[in-house]
Amino acid sequence: VQLQASGGGLVQPGGSLRLSCAASGGTFSGYAVGWFRQTPGKEREFVAAIRWSGGNTLHADSVKGRFSISKDSAKNMVSLQMNSLRPEDTAVYYCAVGRGIVSSWYSEDMWYYWGQGTLVTVSS
């Protein structure tokens with residue numbers, strides 16, 4: 001499965017962006033799809049994830065109430081709606097697929113296909 005992340009850009013604090021993750025060469029069926037983010041010098045940080053079958057979701061505490069992950073079965077796509085963006089949300093955002101129980105989603109080790117990343121910059 002190849003993943004294509006898109007939707008990043010420059011936005012002012014308080015603004016919104018919507019990231020998308022599309023799959024090619026396969027589908028998300030049977031997988032969980034997640035978003036991580038990374039800033040220079042830091043480890044990749046879990047943001048949110050969704051189980052394709054069943055729709056279970058998990059959001060990191062740092063984004064809860066501001067970000068929302070969802071799926072579009074018709075388009076075979078997962079989106080991350082990001083509202084009330086803050087400068088500290090600035091990062092490269094990666095989507096990934098993997099299998100595992102919800103409690104394991106925080107760990108990078110659970111995810112084995114990664115997209116190329118899309119840069120989100122929150123700045124005035």
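The values are calculated or read from the model by the stated rules, or taken from the named source; none is laboratory data. All values derive from a computational prediction rather than experimental measurement. Cβ sites come from the backbone with ideal geometry, for glycine too, and all protein chains shown count toward neighbours. Heavy atoms of the whole protein, side chains included, go into the accessibility calculation; ligands, DNA and RNA do not. Shrake-Rupley method; radii C 1.70, N 1.55, O 1.52, S 1.80 Å.
See the values below:
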item	result
Percent accessible area from carbon and sulfur atoms, the stretch 46-124, protein chains only, probe 1.4 Å	49 percent
Per residue, in Å², the accessible surface of the chain once ligands and nucleic acids are set aside, probe 1.4 Å	49 Å²
All-pairs alpha carbon distance profile, the chain, 10 Å steps from 0, percent	14, 50, 31, 5, 0
Of Tyr106, Ser16, Ser62, farthest towards positive along the dipole that unit charges on Lys, Arg, Asp, Glu beta carbons give the chain	Ser16
